[in-house]
Structures are given as C-alpha cells and as structure tokens.
C-alpha cells in the first residue's frame, strides 16, 4: 500500500508539473478541484469497513489514469518540439514503461479493464493498419506519377523557333531583413546578367545589421534601387514588405505610363545567384506564349559537402512535382525565382501577398480562384536559380520546414472554394485538393507510426517476441527498404543530371542522405499541425550561414 501511494504521489507531482507548464495558473484551480474529489474518495475507501481489495483497485485505477496521462503528455511533447529522431523514439518508448509495469503486475486481474483496453487497442490498430495501407497506395501512385512527369520536362531549347517580339520589363523584388552576409553577392549576380530592361529593388525591412551599407556601392547603377522601411511600420512579415514595395512601384509605373501586360515581377531571395542568360530565357518563355501569366524557376541548393539531400529534394522531387502540375495546369509559385505578369497581379484588385507563412503558394491559389481569365504558370528545367541551404544545423532546418508545413496547412481554407469553383477544371481541382490534404495525411501517418511503435514495444515487454510482433517488424523493415529503393531511383536521376561523373557510390550516398533527411523532416507535420491549432503564427527569421 505504501509503495502504491508513493508511486501515485510521484506520478501526480510529475503530471501536475507538466500541466502547469502547459496551461499555467489554470492548473492550480483544476488541481484543487481534483484533489478535493480524490480526497473524498480516498477518505471513503480507507474506512475500516471497506475491504482491502477495493482500496487496491481504486489506487490502481488512479495510477493507470496517471500513467496514461503521462504517456499522452510525453507523446505531445515529442510531437510539438524538435528532438533528434533517436531521442524522440526513446521518449515515446520509455513513456509507456509505467503502464506496462502496472499491467504486468496488477492489470490482468481486472477482467473488465482488460476487455476495455483490448477493444480499444484492437480498434486503434485496425485504423492504423487501414490508414497506413491508404498512405502506402497514395505514396506509390504519387511517386509513379512524378517519375512519369519527370520524363516530360520542358526546356527553353525547345523554343529556338520563337522570335522575340517584346522585351519584357522585369521588376526584381528582394525582401531583406538582416542580410549583410549574402545580399551583396546576390545583387552582383543579378547586375551581371545580360538583360538591360531590368529594375532591381532591394527592400530593406528595418535591418539592424549592415544590409544597407553592403548595397551602397550599387546606388549609381540605373538598374538598382533601394527601398527602406522603418519602425514601427516595418518588420510585419515578408508579405507586408512585398505589398508595400508593390504599391510604391505600381504607382510609379502608372505615372511613367509603363504597360503592365509587358511587365514581369519576380521575387528573389537575398541569398541567390543566377546565370548571365537567366532573364533572357525568362523573356523567351513569355514571348513563346503571350497568354502565359507566370513562371517558377527551378531551385538549386548549393552543396557544401557530400550531403546533397536539399538540392536533390528541390532539383528532382519538387521539380518533378511542378512538371506533374504542368499536366494539370496547376504550377504554383514556390518562393525563389517566381515570375508573374504585373497585369495579372493588378487584376486581383487587392494586395497580392497575405500574412500566410507560404505567401507564394497562397498567392497561386488566389489567382487560380480569381476571375482572371486562363491563369497558367509554367516551369522550365533549365531556368535555374541557386540559393544556399541549411547545413550542420538540423534544428534550424526543421524550424524552417515546420514554418512551410504550417503555411501549407493554413491554405487548407481554400479547399471548399476550389471544389465549388466554376473556373477550374476537374484535373485542377483534383491536384489542388490532394496538395492541400497531404499535410494532414502526413501528420496523421506520423502519429500512426508512433502509436504502432509504442504498442509493439509494450507487447514485446508483456508477451515477448510473438508472431504478431515478428510480423509487424518484418512489415516495417520492408517499408523502410521500399522507401530507400525509391530514394535510390531519385539519386540515380540526380546523378545523371549532375556535371560530375556518374558513380554508384555517389548514388548510394545520396540515397542514404535523402532517407536520413526525410526521417528528420517526418516530424514537421505534427509540429506544424499543433502550432496551427494553437494559433502560433509568429516565427523568428532563419539565420543565414556565411
């Protein structure tokens, strides 16, 4: 009895401490109420005329509730915070030990609880298996479609017959906040291009470093312009900075009589570089189809070591995704190197960019849903823009991707307008809906994997290595092998496109790094989902790496 009371008290203290950190002073009031109820029940069961078995069962029930609460809290902590993958696994598995201990020593004597838990585990396991099968089918079909789309990529060399009738005026917007490490090289790269009909606007959003000083040397160049924002209006988000610059520039262009239909506006990150013929290729594409509304560049991530996972992701997987979208006419803006006709943006009759964490994708969806006739964007494989990645800083990488994932979740609000839209074709609705649903599927699947691991571990401790555990372990191993083999295919495609000599050693190395990369990023969707429901929409800027 003393041991049970001690365990009960210890688990109660731990649980209360967790609650206090999560919900603040409200936990105090809740605890007082619960302690009152608990004290009353305890006073009753400890009376002399109450048998010892009833007391033991009451204490056991309370301990089970405490143990389950601690498990839920541990899993919630793992889902909502960044930890290294093996630390997360340890957190999830260790959290179940108190419940396993209680089950092994006391629980099976209480037949009614055993039946309840068996039914609950059975139902949850059925859902987990069913959902995993659906996810497997979805992932397989998506991969096959991406490989098909990959083989049909577009190149500007296919446009050699096109005559240049219009030299589009190109407005480059570079939003900056504390970009002293990278902004000078980016502006140099843009000014080194051959394209003359170019206006480069650096938008300084009240930087507190030397960003402004770094670009002062370009002030004499007629293609360069510096726009500065100051507090308290500044630092309200990337979208607000872009809208502010957009308003100033469009007002200026109206005064100058520029033709919006012959003007392109592009967003380029402060850590970018382009080839000298970059804008010439863009101009060629828009001359090939005067009804075109937008273009998304292919993004290349500069590799600093053998870990090519980020470049492989952007250059092959995301690029294939955009190629697939070209079949459904849903090519979306994806950050760096997005081009849109100024006339298209102006036809929105509202500020183009919102406060969404993925203001580029949000803009794409609003364009598709607008009354603008025949919105159509493209991507060409040889129109490339380079940017730096995040290396040797897994926490910053996860933080960046959680922000993107949360932004994608925010765009789910457009799913019903998409379904009801009379302007979109069925294939457009289908692709866009799958894109908006995907973050939710990934978040649920991550929780399913955690649940499966916890149940297997508990089953292993209670019953040993039985047939059920063996079957699940084999299935899990086959799934990991399946994912790795798919990543090998992506690595083969990546290395065939590389300027280096094709080596199988590099293929296996790239597949390993990509698999490791995807495992690390598997935690972003549950984190993003929890942040979304808790209305945590503010983020600190990701620090640049020199």
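Things worth noting here:
- Matching residues in segment 494-514 - criterion: being surrounded by 20 or more Cβ atoms within 10 Å (Cβ to Cβ) and either in contact (Cβ under 8 Å) with a residue 24 or more places away in the chain or not in a helix (DSSP H, G or I) (or both): 494, 510, 511, 514
- Residue count for segment 126-135 satisfying the condition of being over 9 Å from residue 448 (Cα atoms) and surrounded by 14 or more Cβ atoms within 10 Å (Cβ to Cβ): 1.
- The residue that is surrounded by the fewest Cβ atoms within 10 Å (Cβ to Cβ), counting only those in segment 239-269 that are touching a helix residue (DSSP H, G or I) at 6+ places or on another chain (Cβ under 6 Å) and in a helix (DSSP H, G or I), is 261.
- The lone exception for residue 486 - which of (1) in contact (Cβ under 8 Å) with a residue 40 or more places away in the chain; (2) over 30 Å from residue 207 (Cβ atoms); (3) within 16 Å of the chain's Cα centre (by Cα) it fails: (3)
- Residues in segment 469-481 that are at pLDDT 90 or above and either outside any helix (DSSP H, G or I) or surrounded by 13 or more Cβ atoms within 10 Å (Cβ to Cβ) (or both): 479 only.
- Taken over segment 385-398, the criterion of being under 15 Å from the mean Cα position of the chain (by Cα) and surrounded by fewer than 18 Cβ atoms within 10 Å (Cβ to Cβ) is satisfied by 394, 395, 396.
The values are calculated or read from the model by the stated rules, or taken from the named source; none is laboratory data. All values reported here derive from a predicted model rather than from experimental measurement. Backbone-built Cβ (ideal geometry, glycine too); neighbour counts: all protein chains shown.
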